[in-house]
Amino acid sequence: MSETNRVHNGSASEGTSSPSANAGGGAARIRVMPDSSEERASMGESHQGKLARKERRRKFGWTSLSYTARVTLAFALIAAMTGLVAIGVISFVWEQHFQTYTASNMETLAETTASRIEERMEADSTLTIKSSAALMPVEAALEVTPGIAIKVVDENDVAVFDSSNRINGIPNATSSLEPKDASKVALAKIVVDDKVVGSVRIWVYGSDTLMRGPDQEFRENSYQAMLFASLVAIVLASCIGFLFARNLVAPINRMTKTARAIKEGDLSARTDLHGEDEIARLGETFDEMAESVEKDRELERRLTTDVAHELRTPLMAIQSTVEAMVDGVFEADAERLETVNSEVQRLSRLVDALLKLSRLENRATPMKEEVVDVGELIQSIVSTHEAFVADSGLTFEYRAEKGVLVVGDPDMIRQATANLISNAVRYTPEGGHVSVTVSKGDIMASIAVRDTGIGLSPEEAKMVFSRFWRADAGRNRASGGLGIGLAVVKEIVDRHGGWVQVEGEKGKGACFTLHFPLYDEQRTRTNDKREQQRQRQQQKQQHRQQLLSGARQQRSAEGKSASNRKK
């Protein structure tokens, strides 16, 4: 069906209201498709315009900014918020405590002036509140503290001195400028011989809070200084944030660049980050991961090449022999057929070994957990290999401690030990010596297979467990084995929770030691109890789920029956 037909069919089906919808009383939903190509084009352009607007809005969002920009803005915002908080706190202090401080200064000045007038009047009993000599402290206060007005009244509240209605020190007829609000005036009484003879009143010109001009100027300068300091702090914080973000993002960008290079196929790319901080450790871990990936990729390539080579050799031998027999070059006698059969068996052994290794790695082969006496187990293996070792022209020695018990799969342990003995015999020339030793440590049991063969270098010891790897490249495939036995050994030991130790020296022999955890009866019982508890818990959960499932099914059935009864 073409696109046009699909569009028209879709519109027709959507534009037709269903009878059930009409019967239900609901309005049918009809979508009208555009008839002309121009309308469809305009709708497409409108949709694209909406998408473009959404993209623009998303573009200017916080998440669209770089990490450096975000950190810089965050530092600037923090500095701005700190400045605003500081200005707000200082403003509160100015409005509350500083005003109280300035008012207290005016009250102190009023009390000081009144006390000096009292001292003069007490020193000279002829002086009165109206005497010029008695009012000299007022003149001194005006000279010392400009911007204020002082008014002195007698006991009848009649003004005897008022600096607010004087011009050039001469009183005039104008009324006093004293504020009507008593809270805006500092007051101190003049008491002589325990009698109130008058009072001193002080206020500040142009201020409702007894705050003089210098005080107001100091407050405004403080605001300006704080504002300037806030701006400087914002600039400095932005610069520090930018530098901090650049230093923080630089290693991240390096890791991103390295990851992109690895993605594009350059597995040798590294971040080369070193240090004690978290990002440096992340870079080192990233490099270790990249190195592991590179090794795995190289091992994968090598494995593919080795498997292809190992399979190609017997297949080519089979193919050439069969083709020669088909062409009549060779007769199909028992010798030729035996050659084909030997290559087929070798190919079968290789496939079986690969399959066994794959099952071990994938944990597909179940492992039995039995208490095994390692000495007795290895004794049976030694007995079956004595003739094989003797036929190879080697001497064989076996030593074992008694009571070396481990928990594991006896067949797997037997196979791992047999692989090591076969490997030792295969790489030890005639006249050499092979020994097997079973010993017991504090927490581990060990099986050591030592030979006097070609030995291993430290570099070869690192590669010895790789698939298809051989210590002696000059040996042929038949005598050198399949190259999988040691890989199988390592997988078996890993599954038992142990490890393999490799020691050797080129030309002097090698020693492979298998370490298995010793059997601990108390720990085994504890593990068994934990396993039983875990199984019981799983059974309880399964039983609970079954009950819940049954209850839901019952409720569903009851609901259906109730619905059927209503119908």
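Name the single residue, out of those in segment 234-260 being among the hydroxyl-bearing types (Ser, Thr, Tyr) and either more than 25 Å from GLY83 (Cβ to Cβ) or outside any helix (DSSP H, G or I) (or both), that is least open to solvent (accessible area, probe 1.4 Å). Result: THR258.
Restricting segment 261-293 to residues that are open to solvent by 40 Å² or more (accessible area, probe 1.4 Å) and within 19 Å of THR68 (Cβ to Cβ), which is modelled with the highest pLDDT? Per the stated criteria, the residue is LEU282. Contact map, segment 403-418: first residue within 16 Å of ASP494 (Cβ to Cβ), second residue of a type in the set (Phe, Trp, Tyr) and open to solvent by less than 20 Å² (accessible area, probe 1.4 Å), Cβ cut-off under 6 Å, separation 6 or more or different chains; pairs are VAL406/PHE516. Taking every residue in segment 232-252 that is under 16 Å from ASP272 (Cα atoms) and pairing it with any residue that is in a helix (DSSP H, G or I) and open to solvent by less than 70 Å² (accessible area, probe 1.4 Å), at least 6 positions away or on another chain, the pairs with Cβ-Cβ distances below 6 Å are VAL249/THR68; PRO251/ILE279; PRO251/GLY283.
Among ASP451, ASP494, which is among the acidic types (Asp, Glu), touching a helix residue (DSSP H, G or I) at 6+ places or on another chain (Cβ under 9 Å), at pLDDT 85 or above and under 22 Å from ASP373 (Cα atoms)?
Working: ASP451 fails: under 22 Å from ASP373 (Cα atoms).
Answer to the check: ASP494.
Looking only at segment 129-156, filter to residues that are in a loop (DSSP other than H, G, I, E, B) and touching a strand residue (DSSP E or B) at 6+ places or on another chain (Cβ under 8 Å); which one of those is modelled with the lowest pLDDT? Before you say what the answer is, go through the steps one by one.
So in segment 129-156, the residues in a loop (DSSP other than H, G, I, E, B) come out as 129-135, 145-147, 155-156.
This time we only want the ones that are touching a strand residue (DSSP E or B) at 6+ places or on another chain (Cβ under 8 Å), so: 129-130, 135, 147, 155.
Values: ILE129: 84, LYS130: 84, LEU135: 86, GLY147: 81, GLU155: 86.
Result: GLY147.
Taken over segment 120-132, the criterion of being surrounded by 13 or more Cβ atoms within 10 Å (Cβ to Cβ) and not polar (S, T, N, Q) is satisfied by ARG120, MET121, LEU127, ILE129, LYS130.
Residue-level check: of (1) closer than 21 Å to ALA80 by Cβ; (2) touching a residue at least 12 places away in the same chain (Cβ under 8 Å); (3) hydrophobic (A, V, I, L, M, F, W, C), LEU210 misses just (1).
Quick test for you: out of GLU298, GLU331, pick the one residue that is open to solvent by 100 Å² or more (accessible area, probe 1.4 Å), among the charged types (D, E, K, R) and part of a loop (DSSP other than H, G, I, E, B). Break it down stepwise before answering.
On the way: GLU298 fails: part of a loop (DSSP other than H, G, I, E, B).
The conditions single out GLU331.
For segment 159-197, which residues satisfy the criterion of being loosely packed, with under 13 Cβ neighbours inside 10 Å, modelled with pLDDT of 85 or more and among the hydrophobic types (A, V, I, L, M, F, W, C)? The one that is loosely packed, with under 13 Cβ neighbours inside 10 Å, modelled with pLDDT of 85 or more and among the hydrophobic types (A, V, I, L, M, F, W, C): VAL196. The set of residues in segment 198-235 being at pLDDT below 75 and in contact with a Lys or Arg (Cβ under 6 Å, 6 or more places away or on another chain) consists of ASP208 alone.
So which of GLU376, GLU397 is assigned to a strand (DSSP E or B), open to solvent by 50 Å² or more (accessible area, probe 1.4 Å) and modelled with pLDDT of 75 or more? Quick ask: steps written out before the conclusion?
Working: GLU376 fails: assigned to a strand (DSSP E or B).
So the residue among GLU376, GLU397 that is assigned to a strand (DSSP E or B), open to solvent by 50 Å² or more (accessible area, probe 1.4 Å) and modelled with pLDDT of 75 or more is GLU397.
All of LEU360, LEU420, LEU354 fail the test of being open to solvent by less than 40 Å² (accessible area, probe 1.4 Å) and at pLDDT below 85, apart from LEU360.
Residues that are at positive phi, part of a loop (DSSP other than H, G, I, E, B) and of a type in the set (A, V, I, L, M) are absent from segment 211-233.
Let's see how each residue does on (1) acidic (Asp, Glu); (2) under 53 Å from the mean Cα position of the chain (by Cα); (3) open to solvent by 40 Å² or more (accessible area, probe 1.4 Å):
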site: ALA390; (1), (2), (3): no, no, yes
site: GLY393; (1), (2), (3): no, no, no
site: LYS402; (1), (2), (3): no, yes, yes
site: PRO410; (1), (2), (3): no, yes, no
site: ARG414; (1), (2), (3): no, yes, yes
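The set of residues in segment 276-296 that are in contact with an Asp or Glu (Cβ under 9 Å, 6 or more places away or on another chain) and within 14 Å of ASP266 (Cα to Cα) contains only ASP287. Considering only segment 86-95, state which residues are without any contact (Cβ under 8 Å) to a residue 24 or more places away in the chain and either in contact with a Leu (Cβ under 9 Å, 6 or more places away or on another chain) or open to solvent by 90 Å² or more (accessible area, probe 1.4 Å) (or both). Matches in segment 86-95: PHE92 only.
The values are calculated or read from the model by the stated rules, or taken from the named source; none is laboratory data. All values derive from a computational prediction rather than experimental measurement. FYI the Cβ positions are ideal-geometry reconstructions off the backbone, even for glycines, and counts take in every protein chain you see. Please note that ligands, DNA and RNA were not included when accessible areas were found on the heavy atoms of the full protein model with its side chains. Shrake-Rupley method; radii C 1.70, N 1.55, O 1.52, S 1.80 Å.
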